[in-house]
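Working notes, structure below.
Just so it is clear, none of the values below were taken in a lab; they were calculated from the coordinates. Remember, it's a predicted structure, so these values are computed and weren't measured experimentally. A quick note on method: Cβ atoms are made from the backbone with ideal geometry, for glycine too, and the neighbour counts reach across all protein chains shown.
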Ligand code: SF4
């Protein structure tokens with residue numbers, strides 16, 4: 001059993017995307033920051049979750065296969 005299930009449901013695509021950066025705050029909150037936003041203003045810096053559809057989504061594991 002894994003704890004990934006509920007997180008993926010709550011966060012959507014960003015939870016599995018190679019372009020996400022997790023920001024942990026001192027108060028224990030976690031923010032999901034999209035690194036694509038740094039070079040493309042059409043992406044939200046902090047996506048509204050759950051992200052159900054995104055043209056920039058790239059699965060983390062697929063990104064590793066390309067290398
Ligand atoms: S590209 Fe889309 S799915 Fe990936 S982190 Fe950014 S907003 Fe989330």
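Among 54, 34, 14, which one shows the highest mean-square fluctuation when the chain is modelled as a Gaussian network with alpha-carbon springs under 10 Å?
Among 54, 34, 14, the largest GNM mean-square fluctuation belongs to 54.
How do 49, 22 line up, fewest other C-beta atoms within 10 Å first?
22, 49
Given a Förster distance of 35 angstrom, what is the FRET efficiency for residue 9 paired with residue 39, based on the Cβ-Cβ distance and rounded to 0.05?
E between residue 9 and residue 39, to the nearest 0.05, is 0.75.
For the chain, what does the helix formula give at 222 nm: sum of -39500 (n - 2.57) over DSSP H segments with n ≥ 4, over the residue count, nearest 500 deg cm²/dmol?
The helix-only estimate for the chain comes to -6000 deg cm²/dmol at 222 nm.
Convex hull over the alpha-carbon atoms of segment 1-46: what's its volume per residue in Å³?
About 84 Å³ per residue, rounded to a whole number.
I need the semi-axes of the equivalent ellipsoid of segment 26-65: take the C-alpha gyration tensor, multiply each eigenvalue by 5, square-root it, list largest first in whole angstrom.
With the √(5λ) rule applied to segment 26-65, the semi-axes are 19, 15, 11 Å.
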